[in-house]
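Novice: Here it is: the structure, laid out below.
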Amino acid sequence: MKIRSKKILASALTLSLTVMSAGTVLAGDWVYGGPETTSKWWYRESDGTWPAEEWKEIDGVWYYFNADGYMATGWKYSAPSDSWYYLDASGAMHASESFETGYLHTDGAWYNAVPCPLSAYTVTDQQKEFWGQQLVKYGLTEDTSVDNGDGTYTWTLYYDDTTEIPNLYYSLLAKMVFTYNGLHADWTMENHTFTMTVRPREFHTTDMMSVILPPAETAPAESEAPAESGPAAESGPASEPDDSAGNGPSVESDAATTDGPAVNPDSSTTNGPASEPDASAGDGSIIDSSAPQVDPNDPAAQVAPGAD
């Protein structure tokens, strides 16, 4: 009987431990470390593993971890959804936030204030005005590409930590639409340098840039020097010249049409990115989308994940 009692007690203890183990979820912890030159935060699961090349929700906040398992910061591109996301210095993904040239939806995805044109032949007046201004801002009014001699052309833009990277990206795409008639492009983003290599199907046969760029300012015509023989010649023009001439479009954009995405997003997706991102850009591009908001080499400047 004693032996039987011990067996029953042991079985009960085993069952109790099994149930407790199944109902207990051990939390992971944040670790700051890695090679001295690239020390960053990573997340250690309770079993000793770590997330890599994936989104993860921790304490109600979404984070992205790169291929090496380090937490990303700055602007992050997701190829499957073709969307940009913003991760602050603590790694937290932002949502429902407005920027100068666009906004982040409830699921964190970026939407342009005005949709990027898909064709040079179907561009709207609103797109002309908005994206024409963006091309001027980034110095894309002229052809600054490098001919690689193999049918491809490389465009290079530089940015800093204040640059709205999605706006830069779509501005360059707008430039491509008005330069080439069909194209394939690969791009990289690292060390504050954005590079896009394009293989165009063909160039536009006409100057399509004149369609989108605002007209250049022209100085008023100089009047002839007044004749010295008589007061009539010294009286000057009968009226002042019109200073508004040559200053670009005077029509203001309709604010009602500049807010919101071109396609109504699913407002029910409020829990992080719409889909798991791919490490590549989809077309063989190598992506490094972490434009750090703090110096990654300075431990003192690091913001702990989840910190306010």
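The values are calculated or read from the model by the stated rules, or taken from the named source; none is laboratory data. Since we're looking at a predicted model, the values are computed, not measured. Heads up, the Cβs are rebuilt from the backbone with ideal geometry, glycines too, and the neighbour counts pull from every protein chain shown. When the accessible area is computed, the model is the full protein with side chains, heavy atoms only, and any ligands, DNA or RNA have been set aside. Shrake-Rupley method; radii C 1.70, N 1.55, O 1.52, S 1.80 Å.
Novice: Of all residues in region 99-111, which are part of a strand (DSSP E or B) and either more than 13 Å from the chain's Cα centre (by Cα) or closer than 15 Å to Thr163 by Cβ (or both)?
Specialist: Gly102, Trp110
Novice: Are there any pairs with C-beta distances below 8 angstrom linking a residue in region 58-69 that is touching a residue at least 40 places away in the same chain (Cβ under 8 Å) to a residue that is open to solvent by less than 50 Å² (accessible area, probe 1.4 Å) and of a type in the set (S, T, N, Q), with the two at least 6 apart or on different chains, and if so which?
Specialist: Listed pairs, sorted by first residue: Asn66/Ser290.
Novice: Please determine, by comparing only the residues of region 109-129 that are open to solvent by 30 Å² or more (accessible area, probe 1.4 Å) and aromatic (Phe, Trp, Tyr), which one is nearest to His94 (Cα to Cα).
Specialist: Result: Tyr111.
Novice: Considering only helices (runs of 4 or more DSSP H) fully contained in region 116-222, which possess at least 1 residues that are under 30 Å from Leu87 (Cα atoms)?
Specialist: 125-137, 165-177
Novice: Residue check, Ala225 against (1) hydrophobic (A, V, I, L, M, F, W, C); (2) modelled with pLDDT of 75 or more; (3) over 18 Å from Val146 (Cα atoms); (4) open to solvent by 70 Å² or more (accessible area, probe 1.4 Å), all met but one. Which one?
Specialist: Result: Ala225 fails condition (2) only.
Novice: Thr101 fails exactly one of the following numbered conditions: (1) within 26 Å of Thr197 (Cβ to Cβ); (2) open to solvent by 30 Å² or more (accessible area, probe 1.4 Å). What is the number of that condition?
Specialist: Unmet condition: (2).
Novice: So, Tyr86, is that one at pLDDT 95 or above and touching a Gly at 6+ places or on another chain (Cβ under 7 Å) or not?
Specialist: It is false that Tyr86 is at pLDDT 95 or above and touching a Gly at 6+ places or on another chain (Cβ under 7 Å).
Novice: Go through (1) of a type outside the set (Lys, Arg); (2) open to solvent by less than 30 Å² (accessible area, probe 1.4 Å); (3) over 19 Å from Met208 (Cα atoms); (4) more than 18 Å from the chain's Cα centre (by Cα) and name the single condition Thr179 misses.
Specialist: Only one criterion is unmet by Thr179, namely (3).
Novice: Right, next: Tell me, which residue of region 130-146 that is of a type in the set (A, V, I, L, M) and closer than 14 Å to Leu168 by Cα is most open to solvent (accessible area, probe 1.4 Å)?
Specialist: Val136
Novice: Shifting gears a bit: In this structure, is Lys56 over 25 Å from Trp131 (Cβ atoms) and of a type in the set (Lys, Arg)?
Specialist: yes
Novice: Right, next: Test Thr144 against the stated conditions and say whether it is touching an Asp or Glu at 6+ places or on another chain (Cβ under 8 Å) and within 24 Å of Val198 (Cβ to Cβ).
Specialist: When the stated conditions are applied, Thr144 does not pass them.
Novice: Among Ser90, Ser145, which is touching a residue at least 24 places away in the same chain (Cβ under 8 Å) and either farther than 20 Å from Tyr159 by Cβ or hydrophobic (A, V, I, L, M, F, W, C) (or both)?
Specialist: Ser90
Novice: Can you pull out every residue in region 75-95 that is among the aliphatic types (A, V, I, L, M) and assigned to a loop (DSSP other than H, G, I, E, B)?
Specialist: Of everything in region 75-95, those that are among the aliphatic types (A, V, I, L, M) and assigned to a loop (DSSP other than H, G, I, E, B) turn out to be Ala79, Ala89, Ala92, Ala95.
Novice: Given (1) without any contact (Cβ under 8 Å) to a residue 40 or more places away in the chain; (2) surrounded by fewer than 19 Cβ atoms within 10 Å (Cβ to Cβ); (3) under 21 Å from the mean Cα position of the chain (by Cα), identify the lone condition not met by Leu172.
Specialist: (2)
Novice: Moving to a separate point now. Of all residues in region 33-55, how many are open to solvent by less than 50 Å² (accessible area, probe 1.4 Å), in a strand (DSSP E or B) and at pLDDT 90 or above?
Specialist: The number of residues fulfilling the criteria is 3.
Novice: Another question about this same structure. Within region 66-83, which residues are buried (at least 21 other Cβ atoms within 10 Å of the Cβ) and either in contact with a Gly (Cβ under 9 Å, 6 or more places away or on another chain) or farther than 17 Å from Gly108 by Cα (or both)?
Specialist: Once the filter is applied, which keeps residues that are buried (at least 21 other Cβ atoms within 10 Å of the Cβ) and either in contact with a Gly (Cβ under 9 Å, 6 or more places away or on another chain) or farther than 17 Å from Gly108 by Cα (or both), region 66-83 yields Tyr70, Met71, Ala72, Thr73, Ser83.
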